[in-house]
2 protein chains.
Amino acid sequence: MRQVIECVPNISEGRRSEVVSEAATAVEGVSGVRLLDVQSDKDHNRSVLTLAGDAAALGEAIVGLFEVATARIDLRTHEGGHPRLGAVDVVPFVPIEGVGLPECVALAREVGERVAERFGIPVFLYEEAASAPHRRNLEDVRRGQFEGLAEKMKDPLWAPDFGPSGPHPSAGAAVFGARMPLIAYNVNLGTSDIEVAKRIAKAIRHSSGGYRYAKAMGVMLDERRIAQVSINMTDFKKTPLHRVFETVRSEAERYGVPVVGSEVVGLVPSEALFDAAAHSLRLEGFTPAQVLENKIRETE
Amino acid sequence: MRQVIECVPNISEGRRSEVVSEAATAVEGVSGVRLLDVQSDKDHNRSVLTLAGDAAALGEAIVGLFEVATARIDLRTHEGGHPRLGAVDVVPFVPIEGVGLPECVALAREVGERVAERFGIPVFLYEEAASAPHRRNLEDVRRGQFEGLAEKMKDPLWAPDFGPSGPHPSAGAAVFGARMPLIAYNVNLGTSDIEVAKRIAKAIRHSSGGYRYAKAMGVMLDERRIAQVSINMTDFKKTPLHRVFETVRSEAERYGVPVVGSEVVGLVPSEALFDAAAHSLRLEGFTPAQVLENKIRETE
């Protein structure tokens, strides 16, 4: 079976389109890497690249990306609304096909070390790749931002996993990690009362006692005049879509409110939908190997 | 978007493994064709090959298959439990990705005509490719088998769509067509009373007033001592899995019988499962373009 890993590097440049396109060219030029998407945000002064490929090809592409970003981005003069530590700020690897989180953790470590040595940039590992619990959360690693980094790194708790003990003068530091694919999943309620959506969000999200891999908030869809439970699913294998949907439905029922629909924003891994189908059809012993398209791809 | 068509030729040889492997080699040798599966049945003296590829490559492969089958199989001495008209008996084309039934109908006509001219074999079109309603059903086209073919073809109702007006002496005739992927889908009931399964099968199948694209019968799973509704779904886009499942469930309820599970036997197109997921999650505006793996493949 072939291996597909997704990599979603964030670089601290969202305004100079020529720099973003140089970065895109560098990763696209690596054989075995596909550039799926580039999104730049001028306010954040930040761009998100979405790549897919095998481990070796992605390693090459990320080194090429650091080459461009280190040469062209200077954090000492960088301004933008989004917190950041470095020129290439964060590099998460995401298992898609034929690989799991452990392979992505290994890849984050390997490429992080390579980048640290080659460019003299300190590298922190986060999420599944973290070397200690206090370093799991990206917000904690990034707290203090580039401007506070030299001071922060004096604390042994914040020694880097690879590379020099202080920041790179212009490129700062980089954060490498591995995580499951995110699914942005919203459930629409047949009410204009946002309080109902907020209460349901509270019931399902991890931070207030709900599902381990769900973040949620209640929002108002002004155009449709309905309230929505807006959810981020951070590990659909452990907290599946259908379970969250059913809980939203039963919590809504308590207020006499129907679920009128749901939506996936952006992309969703096929397995998340297969799981929902297997659940509702009560499929016994189903595996993705039974999917016709998977069988066809296996032989390619 | 790339095009993937499945083709499932049946040849009248299931005993001489060297002939089957010659046939497999002929189709595998065509660039752009993948041989997904070969299943030979000695009692039926018949083999089913499953190929995938684009239209042009499959056309080449089928011509190569006729080359081998016409040289190596003689219907005058062929014996087997399965009805058959020819050396290559039936050639259905099935839309999988980036194509629909109309393209498969066109392909069946085109390759059928090519084979008829090149090998002097009469070709009949069936299912979606049929040139008249009485020729849609494969069983009707095949009735009388190879032995009755010369007589049958004297009737103008059974003039071939392409090729000579009588059978090829040793290779008989071939039946080309286009159809949707079949899904073998079974629903297991929490009862050992096969009568309940038979009544539910009758309620859902087309032939007795049920869904247009469902065939069904009640069977007994001796090992598990439960009754099963065994279903063939012949067009999952028009008669979706989840609708049939729900109807089985509500019919079973009338007898106080629960649905304990269901199963897909063999392969299932991803879209059939996406549809079931979208139904149970009440997804709004979902399209397969939102599936991560599809997005990745698009860029390949």
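The values are calculated or read from the model by the stated rules, or taken from the named source; none is laboratory data. Quantities reported herein were computed from a predicted structural model and do not represent experimental measurements. In this analysis, Cβ positions are derived from the backbone assuming ideal geometry, glycine residues included, and neighbour counts consider all displayed protein chains. Only protein heavy atoms, including side chains, enter the accessible area calculation; ligands, DNA and RNA are left aside. Shrake-Rupley method; radii C 1.70, N 1.55, O 1.52, S 1.80 Å.
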**Request:** Could you run the Debye sum over the Cα atoms of the protein assembly as shown, one equal point scatterer each and no solvent, and tell me log10 of I(q)/I(0) at q = 0.09 Å⁻¹, two decimals?
**Result:** -0.86
**Item:** Computed label-point distance, nm, for sites A:GLN3 and B:ILE194 using a 7 Å Cα→Cβ extension
**Value:** 5.1
**Prompt:** Over the C-alpha atoms of chain A, what are the Rg and the largest Cα-to-Cα span, Dmax, in Å?
**Reply:** 20.8, 60
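Calculate the translational D of region A:4-70 in whole µm² s⁻¹ from Stokes-Einstein, where the hydrodynamic radius comes from the Kirkwood formula applied to all Cα pairs, the temperature is 20 °C and the viscosity 1.002 mPa s.
Working: Rh = 11.6 Å.
My calculation gives 185 µm²/s for D.
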**Request:** Describe numerically, in nm with one decimal, the distance between label points set 7 Å from Cα along Cα→Cβ at A:MET217 and at B:ASP155.
**Result:** 7.3
**Complete:** Kirkwood Rh for region A:1-141 from C-alpha pairs, in Å, is 15.2
**Complete:** Distances in nm between the label point of A:ARG243 (7 Å along Cα→Cβ) and its equivalents in the other copies, shortest first, are 3.2
**Asked** Based solely on its DSSP helices, what 222 nm [θ] is calculated for chain B when runs of n ≥ 4 H residues each add -39,500 (n - 2.57) and the sum is averaged over all residues, nearest 500 deg cm²/dmol?
**Response** -10500 deg cm²/dmol
**Request:** For region B:165-300, just say rounded, prolate or oblate: build the C-alpha gyration tensor, square-root its eigenvalues into a ≥ b ≥ c, call rounded for a/c under 1.5, and beyond that prolate if a/b exceeds b/c, oblate if not.
**Result:** oblate
**Request:** Over the whole of A:261-271, what's the average partner chain Cβ count within 10 Å per residue? Rounded to a whole number, please.
**Result:** 6
**Prompt:** Given H placed on each backbone N at 1.01 Å, which residues far from A:GLY210 in sequence or on other chains put an amide H within less than 5 Å of it?
**Reply:** A:ARG205
**Item:** J(HN,Hα) series, region B:90-97, from Karplus relation 6.51 cos²θ - 1.76 cosθ + 1.60, nearest Hz, glycine and proline x
**Value:** 9, 10, x, 9, 10, x, 10, 9
**Asked** Considering amide H positions built from the backbone, and no H for Pro or chain starts, which residues 5 or more places from B:GLU13, or on another chain, come under 5 Å of its amide H?
**Response** B:ARG46, B:SER47
**Prompt:** Solvent-accessible area per residue for chain B at a 1.4 Å probe radius, Å²?
**Reply:** 43
**Prompt:** Which percentage, to the nearest 5, of the DSSP beta bridges contained in chain A is antiparallel?
**Reply:** 80
**Request:** Please list the non-local residues whose amide H lies under 5 Å from the amide H of B:LEU36, H modeled 1.01 Å from N, same-chain partners needing a gap of 5 or more.
**Result:** B:THR50, B:LEU51, B:ALA52
**Prompt:** If you find the alpha carbon centre of region B:231-300 and of region B:139-176, how far apart are they in angstrom?
**Reply:** 39
**Request:** Mind pulling the per residue volume of the convex hull built on the Cα atoms of region A:238-293? Å³ is fine.
**Result:** 115
**At R0 = 41 Å, FRET efficiency that the Cβ-Cβ distance of B:GLU298 and B:ALA184 yields, to 0.05** = 0.85
**Asked** From the backbone phi of region A:50-60, what are the Karplus-calculated ³J(HN,Hα) couplings (6.51 cos²θ - 1.76 cosθ + 1.60, θ = phi - 60°) in whole Hz, Gly and Pro given as x?
**Response** 10, 10, 9, x, 8, 4, 5, 5, 5, x, 4
**Modelled FRET efficiency - R0 45 Å, B:ALA106 with B:ARG16, Cβ distances, 0.05 increments** = 0.85
**Request:** Can you pull a Stokes-Einstein diffusion coefficient for region A:64-157 at 37 °C (0.692 mPa s), Rh from Kirkwood over Cα pairs, as a whole number of µm²/s?
**Result:** 227
**Across B:LYS215/B:LYS237; B:LYS198/B:LYS238; B:LYS215/B:LYS238; A:LYS215/A:LYS237, pairs whose alpha-carbon gap is larger than 19 Å** = B:LYS198/B:LYS238
**Request:** Taking every pair of Cα atoms in region B:145-188, average 1/r, invert it to obtain the Kirkwood radius, and report Rg/Rh to two decimals.
**Result:** 1.21
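For region A:78-225, count the residues as N, evaluate 2.2 N^0.38 Å, and divide the Cα radius of gyration by that value, please.
Compared with the compact-globule rule of thumb, region A:78-225 sits at 1.28.
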**Asked** To the nearest whole number, what is the average tally of beta carbon atoms from other chains within 10 Å of the beta carbons of peptide A:93-99?
**Response** 1
**Message:** For region B:3-22 and region B:192-227, what is the centre-to-centre distance using only Cα atoms, to the nearest Å?
**Reply:** 32
**Message:** Given bins 10 angstrom wide, list per bin the percent of all Cα-Cα distances in region A:179-218, short to long.
**Reply:** 29, 51, 18, 2
**Fill in**
Taking only protein heavy atoms and a 1.4 Å probe, the highest-to-lowest accessible-area order of A:ILE204, A:ILE226 is A:ILE226, A:ILE204
**Prompt:** To the nearest 10 square angstrom, what accessible area does A:GLU103 show with a 1.4 Å probe?
**Reply:** 80
**Fill in**
For region B:53-112, Rg(Cα) over 2.2 N^0.38 Å is 1.31
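Region B:194-257: Rg/Rh from Cα coordinates, Kirkwood Rh?
Using only Cα positions, Rg/Rh for region B:194-257 is 0.97.
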